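The values are calculated or read from the model by the stated rules, or taken from the named source; none is laboratory data. Since the structure is predicted, the reported quantities are computational estimates derived from the model, not experimental observations. Backbone-built Cβ (ideal geometry, glycine too); neighbour counts: all protein chains shown. Calculation scope for accessible area: heavy atoms of the full protein, side chains included, ligands and nucleic acids excluded. Shrake-Rupley method; radii C 1.70, N 1.55, O 1.52, S 1.80 Å.
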Amino acid sequence: MAQLPQHQTNRRGLLVDDYLRLLGVNDVYAIGDCTATSYAPTAQVATQQGRYLARLLGQLAKKEELETRLAELRGERSGLPEGPEGKVKNNAEEIESVVKQLNRVSKIRPFHYSHQGSLAYIGSDKAIADLPIFNGNFASGGVATFLFWRSAYLSSLFSLRNRTLVISDWLKVKLFGR
């Protein structure tokens, strides 16, 4: 960080641009809590940033692959003798196809965070929720929100085994206490 004093001036975290690239350095990306962005340092933001960065890196790899293929095709085209017209025509069509793909892949959009809402367990079988609905926010709390929180938690678990273990743990706590 001492090598980037003019770009990295925030003590709270790393400064990044709209594409999550570290300011002052080429091809270095930063996501999550270590960045100083206008987004809250939550798992929801980090998850969306991670998905965006995975897509972006995939796009950059595809772009590099297409550029290499295009260079190969152009090299083949210049090396072809003038005689075989069919080969030259097929090569030109393939070059055109690769250029179209390259143009599509080169369009990189900046990161955009989409707030999906917040849920929090507050104890005593109660929870609070703040959900964006129809260009507004819906805030609620209580036992019904607690049941919603539990269903959202269960749906986020990957395996049936984990869901079963969590439900059985909740039942044991309800029946026997902590």
Just wondering, is there one or more residues in the range 122-130 that are on the phi > 0 side of the Ramachandran plot and in contact with a helix residue (DSSP H, G or I) (Cβ under 6 Å, 6 or more places away or on another chain)? yes
Residue hits (the range 133-154; open to solvent by 40 Å² or more (accessible area, probe 1.4 Å) and modelled with pLDDT of 90 or more) are ALA139, GLY141, VAL143, ALA144, LEU147, PHE148, TRP149, ARG150, SER151, TYR153
Residues within the range 17-54 that are among the hydrophobic types (A, V, I, L, M, F, W, C), within 23 Å of ASP130 (Cβ to Cβ), in contact with a Gly (Cβ under 9 Å, 6 or more places away or on another chain) and open to solvent by 30 Å² or more (accessible area, probe 1.4 Å), tallied: 2
